[in-house]
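A.B. asks: Take a look at the following structure, please.
We did not get these values from a lab; they are worked out from the coordinates using the rules stated. None of the values given here were measured: they were computed from a predicted structure. Please note: Cβ atoms are built from the backbone with ideal geometry, for glycine as well, and neighbour counts cover all protein chains shown.
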Amino acid sequence: MKSCSFRKLDAFTTGASPGNPAGCVLLTSPGDISANDMQRIARELGDLVSEVGYVWPSPATDWDYELRYFSREREVNFCGHATVAIMYDLLKRGEKANHAGTVKIETPAGVLDVENRISDQNLVFIHAPLPQFFEVKPPAADVVKALNLNEGALDLSCPIASVNAGLNTLLVGLKTLSDCVDCRPDYETLRRFCSDYEIDVITLHTFDTTFKDSDVRTRVFPPLFGYLEDPATGSGNAALGYLLASRDHWREATLKIEQGMSRENPNIVILKKAGDRLQIGGQSVCRIDGKYILT
């Protein structure tokens with residue numbers, strides 16, 4: 001019988017907003033458990049967290065930690081909210097909590113920087129993977145149908161786009177906050193659509209927000225990972241940030257994103273420009289701390 005240190009972390013929590021749950025399994029080395037066991041744990045925890053991140057100190061001299069991510073369905077190249085949650089928790093509890101600086105992590109999406117701003121902003125900032133822009137495959141009519149939207153809801157000033165910032169993301173601009181928060185897609189329909197067009201994530205976005213100091217509202221759907229909606233997301237919002245910057249729709253240093261279907265109580269994700277990359281800012285709260293027993 002084998003056991004691992006386990007923590008259930010909620011990322012991007014602000015006030016009463018629930019954030020996005022992630023599992024964190026702390027290992028001493030990648031050989032502690034097999035990839036099959038990693039997938040099994042993620043599957044068993046599927047009703048508690050959307051993804052599980054596995055982290056261990058890196059034996060390499062060029063970076064500090066290595067991470068792998070699993071949803072209940074499969075291994076994932078990059079998971080922004082799990083990375084934010086895990087690195088905030090590790091740095092907050094470690095000796096570097098009060099020291100600003102940069103930590104390097106290796107992920108399946110590449111080596112990324114983590115900026116520690118816990119002491120002055122109570123945040124960590126994760127460098128998002130560099131973007132890749134692709135031609136949009138699905139016709140607008142198919143997108144509208146899959147999302148159960150009215151075609152009049154589409155914001156034609158912000159055309160549908162496809163960007164990979166760790167995951168293949170379809171970005172769909174909508175006219176109003178109501179169009180965004182009232183969207184009710186069917187899981188199986190959206191899953192088939194994403195499978196047909198090789199889409200990992202769909203991000204809805206509108207410039208119509210609840211709070212005046214917010215820049216954009218989003219909803220993020222990753223049905224191929226085994227669930228319909230992510231309440232607070234790193235990679236899906238990073239893809240949007242890269243798109244808005246490329247279209248000159250984001251001109252300030254930071255982008256404040258409201259996310260979720262709650263009109264009055266959204267989760268908040270902060271993006272920051274860092275040269276040719278974006279940084280995903282957030283924090284986390286630990287809800288469960290213990291051992292995961294593998295039998």
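A.B. asks: Under the definition of Cα pairs under 8 Å and six or more residues apart, what whole-number percent is the relative contact order of the stretch 132-267?
C.D. replies: 22 percent
A.B. asks: Most mobile of Phe78, Phe133, Phe70 per a Gaussian network model of the chain (Cα springs, under 10 Å)?
C.D. replies: Maximum among the listed residues: Phe133.
A.B. asks: Angle, helix 35-44 long axis vs. longest principal axis of the chain, Cα atoms, 0 to 90°, nearest 10?
C.D. replies: Its long axis makes an angle of about 60 degrees.
A.B. asks: How high is the relative contact order of the chain, in percent, counting Cα pairs under 8 Å that sit 6 or more residues apart?
C.D. replies: Relative contact order, the chain: 22 percent.
A.B. asks: Using Cα atoms only, what is the angle between the long axis of helix 187-197 and the major principal axis of the chain, expressed in degrees (0 to 90) to the nearest 10?
C.D. replies: Rounded to the nearest ten degrees, it is 90.
A.B. asks: When the gyration tensor of the stretch 218-295 is built from Cα positions, what are the square roots of 5 times its three eigenvalues, in whole Å, from largest to smallest?
C.D. replies: Working through the eigenvalues yields semi-axes of 28, 16, 14 Å.
A.B. asks: For the chain, find the longest principal axis of its Cα atoms and tell me its angle to the long axis of helix 235-246, 0 to 90°, nearest 10.
C.D. replies: 50 degrees
A.B. asks: Order by neighbour count: Met261, Met38, fewest other Cβ atoms within 10 Å first, most last.
C.D. replies: Going from sparsest to densest Cβ surroundings: Met261, Met38.
A.B. asks: Please give the Cα centre distance for the stretch 1-62 versus the stretch 255-282, rounded to the nearest Å.
C.D. replies: 22 Å
A.B. asks: Sticking with this structure for a sec: Per residue of the stretch 207-215, in order, report the coupling 6.51 cos²θ - 1.76 cosθ + 1.60 (Karplus, θ = phi - 60°) as ³J(HN,Hα) in whole Hz, putting x for Gly and Pro.
C.D. replies: Running phi through 6.51 cos²θ - 1.76 cosθ + 1.60 with θ = phi - 60° gives 7, 8, 10, 6, 9, 5, 8, 8, 9 Hz.
A.B. asks: Still on this structure, please answer the following. Consider all pairwise Cα distances in the chain and report the whole-number % of them above 38 Å.
C.D. replies: 9 percent
A.B. asks: Same structure, new question: Using alpha-carbon pairs under 8 Å, 6+ residues apart, how would you state the relative contact order of the stretch 4-148 in percent?
C.D. replies: Relative contact order, the stretch 4-148: 17 percent.
A.B. asks: Now for a different question. Return a single number: how many Lys pairs in the stretch 45-179, at a sequence separation of 8 or more or on separate chains, have alpha-carbon atoms below 21 angstrom apart.
C.D. replies: Number of lysine pairs found: 4.
A.B. asks: Okay, next question. Principal axis extents for the stretch 132-267, Cα atoms only, whole Å, descending order, please.
C.D. replies: Principal-axis extents of the stretch 132-267 (Cα, largest first): 37, 31, 28 Å.
A.B. asks: Still on this structure, please answer the following. Taking H as built 1.01 Å from N, whose amide H comes closer than 5 Å to the amide H of Asn150, not counting residues under 5 places away?
C.D. replies: Answer set, sorted by chain and number: none.
A.B. asks: To the nearest 20 debye, what is the magnitude of the charge dipole of the chain about its Cα centre, counting +1 on the Cβ of each Lys and Arg and -1 on the Cβ of each Asp and Glu?
C.D. replies: Around 420 debye, computed over the chain.
A.B. asks: Follow-up. Can you list residues from other chains, or at least 5 along the same chain, whose modelled amide H is less than 5 Å from the amide H of Gly234?
C.D. replies: Gly80, His81
A.B. asks: Skipping prolines and chain starts, which residues have an amide H placed within reach, meaning under 5 Å, of the one on Glu66, given they are 5 or more residues away or on another chain?
C.D. replies: Under 5 Å from the amide H of Glu66 lie the amide H atoms of Trp56, Ser58, Glu106, each far enough along the sequence or on another chain.
A.B. asks: Which of Ile41, Ile270, Ile280 has the fewest other C-beta atoms within 10 Å, and how do the rest follow up to the most?
C.D. replies: Lowest count first: Ile270, Ile41, Ile280.
A.B. asks: Which value at 222 nm does the chain reach when only helices count, each DSSP H run of 4 or more adding -39,500 (n - 2.57), with the total divided by all residues and rounded to the nearest 500 deg cm²/dmol?
C.D. replies: Calculated mean residue ellipticity at 222 nm is -6000 deg cm²/dmol.
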